[in-house]
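Following: one structure in structure tokens, then a few remarks.
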Amino acid sequence: MTGESKIVHKDQKAPMLMSGCKVADGYGSMLVTGVGTNTEWGMLMANLSEDIGEETPLQVRLNGVATLIGVVGLSVAGAVLVVLWLRYFTGHSNNPDGTTEFVAGTTGAKQGFMGAIRIFTIAVTIVVVAVPEGLPLAVTLTLAYSMRKMMRDKALVRRLSSCETMGSATTICSDKTGTLTLNKMTVVEVYLSETKLNPCDNTGLMSSSVASLLIEGIAQNTAGAVFSPEDGGTAEVTGSPTEKAILSWGLKIGMDFNDVRSRSSVLRVLPFNSVKKCGGVAVQVSDDNVHIHWKGAAELVLASCKSWLSIDGSAHPMSSDKYNELKRSIDDMAMSSLRCIAFAYCPWELRMVPKEDLDKWQLPEDNLTLLGMVGIKDPCRQGVREAVQLCSAAGVKVRMVTGDNVETAKAIALECGILNANDVESETIVIEGKVFREMSESAREEVADKITVMGRSSPNDKLLLVQALKRKGHVVAVTGDGTNDAPALHEADIGLSMGISGTEVAKESSDIIILDDDFTSVVKVVRWGRSVYANIQKFIQFQLTTTVAALVINVVAAVSSGDVPLNAVQLLWVNLIMDTLGALALATEPPTDSLIKRHPVGRREPLITNIMWRNLFIQAVYQIVVLLVFNFDGQRIFHLHNESQEHADKIKNTFVFNAFVFCQIFNEFNAREPEEKNVFRGVTRNHLFMAIVGITTVLQTLIVEFLGKFFGTVRLGWKLWLLSVAIGAVSWPLAYLGKSIPVPARPFQDYFKHCFSGRRKRQDEEQGGKS
């Protein structure tokens, strides 16, 4: 950029000097009407940077689960606190030697206060165990682990929560070019009006006048360029894949790019428009004559043509028969999955070109003369068909949204497996963007579910489709690469931009960047997303089992005997196993092939499934019953009659604590596979899981054998150690048998909702009757 141009702001009297473009007669002037957020670019970026604060489907579910557990834990802790304080201050709780702990009027104030504080500590510990503070850790760990692994599968995660949202996706609205196809385009068919060139670079039949006009249109009406090396080597073509394909074909038919462009001067350029699907240029070819060239979607350009140029250079009026013949040629190319581009021109006189406000001149779009049409092949990516079938098996509907001709879109969709032969003729399954755009909001919502292919769509049509699908309750993933795709990427639950062909704006507004632009990578993202969701479910099942068992054991023991078998320090160790170590072990489970065979969870399905409730109930009831039996009758079972009461209670409580911890260690294996009977499949490949189980076992041994003073435990004999391990090991066959018990398809939560809604309805009816 050389020279200087005067830039005059509309609110300034004096011009500013700034670097600008050099013009023929000196300096140009430019009026700045807006800067920053007042420009189109600024407004777009401002809209994209707005945080709509919408929670992901998993966040909504987790908030509900965490709140429920917290409320239950606080309620239980409050009840235990009241019961223990009542027993303590009324003289119904005893010391280990059998004496009454608190006697009104005898026990000192300090001693009474310390006893009350001890009871309060137990209640606080129950709250600590109940409140699922490990849940955020488990979520963050599994998201971070998945994000790191997804990089290997060519997916760069920009927003961490999008990992799990992708696992809930029910539909993917995918671009065609570059995502489903290779984006390597080649001209394979050429029609010069009534004649099909075979091969497509056969110029022997073409008159010089037709060739000259066609080459002029290709060279001047393009956003690409051709660079010819000085040493006469192969020319380098740049631009979009479509432009590169057309320019490469132009070189084959004898185009000298630089020479053609130097022979005429450009007066006005209308770049390709995603709404009009075409672009135009006006070039001055002599002192009096101007040629206006148009290039774009074949059927749209053809509709604007009033004449056609034959191969010998003669012009003929466009009759209805000729129009239908050319339309059939377009349809034939489209049905062969070719992108159809037409070239047309219009001769114009220089005197009719406006002298002022040239940039506002609307180039003539009617009364065009058709020069020719080309069919461009963009082959499908290898593995796309299998990836689409995998999505279908996983319950994720793939929809193609493309700017191409509807017939081309159909052909590609059939080739990719998005459509089958029975779907092709359905107008609701295959729809044109314009038809969808002109529908009312309610009609769009009704038809959105059925749409599989949308052809001739604009970026706004994609946005409207995303909005309609979200209103229908879908979790929507969208792929896009252009700046105009940014609103749809931002609106979708998961925006997937393309790393190679994507613009910076598209990447900024997306959640995940597909680094290789390949649809098969999108399917891998779905797989990892489901793994995130499954791992969090595994952790919740494990945590809830531990929480329920610990709460019930302590509450029953506290209410019946005034003491708890699991003291505050022991419960904190259990909490560490359950939250931190449990999160590390279960949050890093790699995805399995069975995950992709499940149906997506969507927005409304409960986080805790009926299968999880069944597993939780079986394990928790087993732990509660067995450990309470040992808690209340342990002295007789272990033959501790010869021991002092205090020592016997310590042995019994240590055993209950030890057995409880081993129940959690063995149940951690069960949590790995909530549905599969074989819980050991692939366990040795997860080295972190095995390490955590080993570390937990070693630490538990150290706590019982060597840290008794700190944890309030005593050493156990080898028989009690074996019994502790055996009680924990029983959870394996129990889980195996429990998974044979069928569960209803309807979520358990729905039964409670139904009961509460029915009761509320009866109350409303009774109140209505009284009034």
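Show the residue pairs that are 6+ apart or on different chains and have beta-carbon atoms under 9 Å apart, the first residue being within region 190-215 and at negative phi, the second being of a type in the set (Asp, Glu) and in a helix (DSSP H, G or I).
Every condition considered, the pairs that remain are Glu194/Glu325.
Would you be able to tell me the number of residues in region 28-44 that are surrounded by 13 or more Cβ atoms within 10 Å (Cβ to Cβ), assigned to a helix (DSSP H, G or I) and either in contact with a Lys or Arg (Cβ under 6 Å, 6 or more places away or on another chain) or at pLDDT 70 or above (or both)?
2
Every residue, every condition in (1) among the aliphatic types (A, V, I, L, M); (2) over 18 Å from Ala298 (Cα atoms), yes or no:
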{"position": "Trp361", "(1), (2)": "no, yes"}
{"position": "Asn367", "(1), (2)": "no, no"}
{"position": "Pro379", "(1), (2)": "no, yes"}
{"position": "Gly395", "(1), (2)": "no, yes"}
{"position": "Ala411", "(1), (2)": "yes, no"}
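Pick from Thr121, Thr106: which is assigned to a loop (DSSP other than H, G, I, E, B), surrounded by fewer than 22 Cβ atoms within 10 Å (Cβ to Cβ), polar (S, T, N, Q) and more than 26 Å from the chain's Cα centre (by Cα)?
Thr106
Scan Ile624, Ile611, Ile618 and give me the residue that is under 20 Å from Ala549 (Cα atoms), under 30 Å from the mean Cα position of the chain (by Cα) and either of a type in the set (Ser, Thr, Tyr) or open to solvent by 10 Å² or more (accessible area, probe 1.4 Å) (or both).
Being under 20 Å from Ala549 (Cα atoms), under 30 Å from the mean Cα position of the chain (by Cα) and either of a type in the set (Ser, Thr, Tyr) or open to solvent by 10 Å² or more (accessible area, probe 1.4 Å) (or both) holds for just one of Ile624, Ile611, Ile618, which is Ile611.
Every residue in region 268-315 that is touching a residue at least 60 places away in the same chain (Cβ under 8 Å) and open to solvent by 60 Å² or more (accessible area, probe 1.4 Å), please.
Matches in region 268-315: Val275, Asp287, Asp288, Asn289, Lys306, Asp312.
Could you check region 701-716 and list, in sequence order, the residues that are under 46 Å from the mean Cα position of the chain (by Cα) and without any contact (Cβ under 8 Å) to a residue 12 or more places away in the chain?
Correct list: Thr701, Leu702.
Just checking, which of Lys184, Lys149, Lys176 is among the charged types (D, E, K, R), in a loop (DSSP other than H, G, I, E, B) and open to solvent by less than 50 Å² (accessible area, probe 1.4 Å)?
Of Lys184, Lys149, Lys176, the one residue that is among the charged types (D, E, K, R), in a loop (DSSP other than H, G, I, E, B) and open to solvent by less than 50 Å² (accessible area, probe 1.4 Å) is Lys176.
Run down Leu137, Leu160, Leu205 and say which single residue is part of a loop (DSSP other than H, G, I, E, B), surrounded by fewer than 20 Cβ atoms within 10 Å (Cβ to Cβ) and modelled with pLDDT under 80.
Leu205
Return the residues of region 241-265 that are of a type outside the set (A, V, I, L, M, F, W, C), open to solvent by less than 20 Å² (accessible area, probe 1.4 Å) and not in a loop (DSSP other than H, G, I, E, B); say none if nothing qualifies.
If the condition is that a residue be of a type outside the set (A, V, I, L, M, F, W, C), open to solvent by less than 20 Å² (accessible area, probe 1.4 Å) and not in a loop (DSSP other than H, G, I, E, B), then Gly250 is the only one that fits.
The values are calculated or read from the model by the stated rules, or taken from the named source; none is laboratory data. Model, not experiment: these values are computed from the prediction. Virtual Cβ from ideal backbone geometry, glycine too; neighbours counted across all protein chains shown. For the accessible areas, the whole protein counts, side chains as well, though only heavy atoms, and no ligand, DNA or RNA atoms are used. Shrake-Rupley method; radii C 1.70, N 1.55, O 1.52, S 1.80 Å.
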